[in-house]
Each structure stands twice: as C-alpha cells, then as structure tokens.
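Everything below concerns the one structure shown next.
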Amino acid sequence: MKISVIGTGYVGLVTGVCLTDVGHQVTCIDIDEKKIESMKKGHSPIYEPGLDELMKKNIKAGRLYFTSDYASGVKDAEVVVIAVGTPQSKDGSADLQYLEKACRSIAQSLQNDTVVVTKSTVPVGTNEYVAKVIRENVVNDVQVTVASNPEFLREGSAIYDTFNGDRIIIGAEDDETLATVARIYQGFDMTIVKTDLRSAEMIKYASNAFLATKISFINELSNVCEQLGANIENVAEGMGMDQRIGNKFLNAGVGYGGSCFPKDTQALLSIGRNVGVNMPIIQSVIETNDKQQRIIVDKIKHRFTDLTTKKIAVLGLAFKPNTDDMRDAPSIKVVRELVDAGAEVHAYDPIASENAKVYLPGATIYHDSIEEALADKDFVVIMTDWPEFKDYSIENYSRLLKQPVIFDGRNCYSLADANQADLEYHSIGRPTVNQKE
Ligand code: UGA
C-alpha cells in the first residue's frame, strides 16, 4: 500500500520504517527540513536500537521516502497516518495545535479518496474532529474517512514492540475503513481488535493510566515494605504469579517518567473533568509518582545531613534504559535537589548526557564512564537500570568510592551481592544492607 506518515517523532518514524519493512511504500513527512535531510541519509534523529539499520535498508530498497512537502508527500496516498505530537497544555489537557495544522495541510494536499488514521494519543472524540476539519478544508472532490489506531510501542524497544505487540487496535465509523486499516497490518502476526472511534481512543489512555497505576501501586507498597522489613521484590513476585494480576510493571523504583505516562495520566484527568467525572484513582497515581520521583533524596538526606561537602556520583539520567529521552526523567528532580543542597554532582549516562544538559543544573559534571563518575566520590545514586550498570560488578564500588555507600533507585543489585561486597546499600522497598549510621 502507499502510505504517508505525518510527524517523525518516536511513533511516526518507527511506524513508517516498520511498515516499509513489511513491503509498504511509505513517505514520512515532517515540517523540520533539517531532520528530513538527515533522515534521507538513513540517520534517525532519535536514539532507538536498530532504527538506523532498518531505515537504510528500506531507503535502499526504494520503499522509504522523506519529504517536508505535504503536497507531494500526501497526494496519492491510500492511507495517511497522523503521528504528530500532542504535548501537555498548561491545564493538563492534550494540546492539539499540531494535529489541527496537520489536518489542514492534509486536506489541502489530498487528490484521491483517502483513509486518515490517527496514531497520536488524542482525547476521546478527537477523530470526529479530525474528520470534520479535513472534510471542511479539502480542495479537491475527495472522500475522507477516519480511523483511530493508537500506538503501544515503548521507547528503547520500539521496533520489537511494533512487530510483537499484544494487539492492534483499530477504531472507525464503518467496516470498509476498518478493513482498509487492517490491510496495513496484513504482514503482522498480531490480533486485530476492531472497534468504534471513541473506544479506540479511550483504550490508549486506559492502558497507559493502568500501567502507571500498577507502578504507583507497587511504589506505595514499597514504602510500607521498607518500614516493615518486607522485601518488595518478593512481594511483587508472589503477587505477579496470580495471572489476574500479572508480573509485569511491578518493579518498584524512583517512579515513572518519559513522554507518555506523565502526560497521558494528566490528559485523562482533564478528559474526565470535561465531562464532570472526577478520577481520584488517577489523581493519586500522579501524586504518588511525584513523591516517588524524589524519594531517594529523602533517603540521602536522612543518611547524610550535610551535603555541602559531598561529591555525589549519579549513574543514569534517562527516564529508562535504551533511550536518550530525558522528558520527565526522575533524575531531573533528584539532581536539582542535590545541587540545591550544595552537593557536587558527577553524572554518567551511556547516551543521555547530551540531552540531559538541557534539563539539569549547569553545575552538573558529566563523565564518560562508570569508573570516572565513581572515582573518589563520597557515594553513588543509581537512577536508571541500564544493562551496563546491572552488569557492572558491585565489588568495584568499594574500590572506587571514598565511602562505599550506594543509593539504588532501580534495585539493580541483589541484597546478597551487596552484603557480600560489604557495601552499605540502600534500595527501594527492600531492607538496607550494612547501614552504618
Ligand atoms: C509507555 C507504554 O509502556 C507504551 O505501551 C506506550 O505506547 C507509550 O508509553 C506511549 O504512550 O507512547 P514508554 O513511556 O516508552 O512506554 O516506557 P515504559 O517502558 O512504559 O516505561 C515508562 C516509565 O515507567 C519508565 O520511567 C520506567 O522506568 C517506569 N517503570 C516501568 C517502572 O518504574 N516500573 C515498572 O515496573 C515499569
């Protein structure tokens, strides 16, 4: 099929590239010309494992194109996919200005009957608005139908998730449109759920909000476990064996971050408010996460009352491993508070340091390796569970740090290993090992 994808952020670019890999001809459109020029050469503007290789392969095969020109990019597409950003407005709702602009540009460029599919996460009812804006602005005599096809890929494993997700959700007003969108996914071995527009839109918010709820739930429990001497990992394992609960997304830590959960939970609250429904569960999920993002600072301040003379190593800045994304990363709050308390922060992240410079205080010192960050520092804080950290022998910390004290915000090490290495080890929801003071 001939498909055009509007917007080359995580969702748009990964979707476009993956669709070429199953044989479709895809044109990716973005208003950022610099980005387009670099993507034409097979360079992805985002860090996503495997994406550059897949781009190069499909550009070479003549299936993947990039342009900043709507007219040529959209004109003969059977399906146009909208994947522009829907950032958070001041009041928490989704800001639809980019979506609206995309709709107007699409309308002016269409020359054939087309199905317009929205992949961007949008408030319930938005697809009907998309249909209205496009139909009101078309310049040629064309029929446009719309479909909602929310995206469930995770940053860092986006390509894997695109081909191996649990389901494909398609919402549309009529069976013909549902069938056209389903044809896009013929090469995918995934269950397709066909539904109405509004339910499809709601499935996306409900899924992200539920996953965020699982995380805040386990984090809240982890704080109780710490007070009672129970171990949250054992609790999560025991709970997760019940298939009605499931064992995923029960890792306690310094809270969720990223461009999706924080924004989508706020947007869901706003969706509820607009129809007069309060959502106290979602509200408290957000509050619990806000507190959890800085819980490690409380632990540090409890252990070291004066931070003004301290040099602190921070391992991991990205909101999760395998991404350079710093949006809403818990490290932002933590590093700011440590710097505000007078500490000197020495950070290392395998790939997010460049992006981090925009978010973290100017005084932060960046290093090129774990060793460099740890050497002669007073103690270390682990903020992201990068495989590089998990594989790094815990024995090294006592050798490199001035004081062998670890505050692990992602439970990267086992308590037994910390004990054996004779380290003072504070983690989340688990008993502290070798607490000295
Ligand atoms: C999330 C969803 O998982 C995707 O299904 C969805 O498509 C995407 O949002 C989106 O709406 O675009 P993502 O934000 O990339 O994906 O990352 P996740 O892997 O879900 O992690 C989100 C945050 O939760 C991270 O900060 C992670 O460290 C944290 N987390 C995750 C925990 O603290 N504990 C867990 O058990 C799992």
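The values are calculated or read from the model by the stated rules, or taken from the named source; none is laboratory data. Source: prediction; values computed, not measured. Methodologically, a virtual Cβ is constructed for each residue, glycine included, from the backbone with ideal geometry; neighbour enumeration extends over all protein chains shown.
Points to keep in mind about this one:
- Helices (runs of 4 or more DSSP H) enclosed by segment 19-83 - at least 1 residues per element that are out of contact with any helix residue (DSSP H, G or I) (no Cβ under 9 Å at 6 or more places or on another chain) and assigned by TED's automatic domain parsing to the domain that holds ALA172: 33-40, 51-60
- Count of residues meeting criterion [surrounded by 15 or more Cβ atoms within 10 Å (Cβ to Cβ) and in a helix (DSSP H, G or I)] in segment 230-271: 17
- Taking the criterion of being farther than 18 Å from PRO87 by Cα and within 10 Å of the ligand (Cβ to nearest atom), the residues of segment 242-276 that qualify are ASN247, LYS248, PHE249, LEU250, ASN251, ALA252, GLY253, VAL254, GLY255.
- Any hit, segment 370-390, residues being among the hydroxyl-bearing types (Ser, Thr, Tyr) and away from the ligand (no atom under 16 Å from the Cβ): no
Rundown of residues vs (1) closer than 17 Å to ASP349 by Cβ; (2) surrounded by fewer than 20 Cβ atoms within 10 Å (Cβ to Cβ); (3) of a type in the set (Asp, Glu); (4) in contact (Cβ under 8 Å) with a residue 12 or more places away in the chain, yes/no style:
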| residue | (1), (2), (3), (4) |
| --- | --- |
| HIS367 | yes, yes, no, yes |
| TRP386 | yes, no, no, yes |
| LYS390 | yes, yes, no, yes |
| LEU401 | no, no, no, yes |
| VAL405 | no, no, no, yes |
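- Which numbered condition GLN97 misses (of (1) among the polar types (S, T, N, Q); (2) touching a residue at least 24 places away in the same chain (Cβ under 8 Å); (3) more than 16 Å from the ligand (Cβ to nearest atom)): (2)
- Odd one out for LEU221, checked against (1) aliphatic (A, V, I, L, M); (2) within 21 Å of LYS320 (Cβ to Cβ); (3) within 12 Å of the ligand (Cβ to nearest atom); (4) touching a residue at least 24 places away in the same chain (Cβ under 8 Å): (3)
- Looking at segment 111-218, the helices (runs of 4 or more DSSP H) lying wholly inside it that each contain 3 or more residues that are among the hydrophobic types (A, V, I, L, M, F, W, C) and away from the ligand (no atom under 16 Å from the Cβ) sit at 126-137, 175-184.
For (1) closer than 25 Å to GLY156 by Cα; (2) of a type in the set (Phe, Trp, Tyr); (3) part of a helix (DSSP H, G or I), each residue gets a yes or a no:
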| site | (1), (2), (3) |
| --- | --- |
| VAL358 | yes, no, yes |
| ALA363 | no, no, no |
| GLU372 | no, no, yes |
| ASP376 | no, no, no |
| PHE389 | yes, yes, yes |
| ASN411 | yes, no, no |
| ILE428 | yes, no, no |
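- Scan of segment 300-312 for residues that are touching a Leu at 6+ places or on another chain (Cβ under 9 Å) and surrounded by fewer than 18 Cβ atoms within 10 Å (Cβ to Cβ), ordered by number: LYS301
- THR86 vs. criteria part of a loop (DSSP other than H, G, I, E, B) and either at pLDDT 95 or above or not assigned by TED's automatic domain parsing to the domain that holds GLU354 (or both): yes
- Filtered residue count, segment 280-299, keeping only those that are surrounded by 22 or more Cβ atoms within 10 Å (Cβ to Cβ) and not β-branched (Val, Ile, Thr): 3
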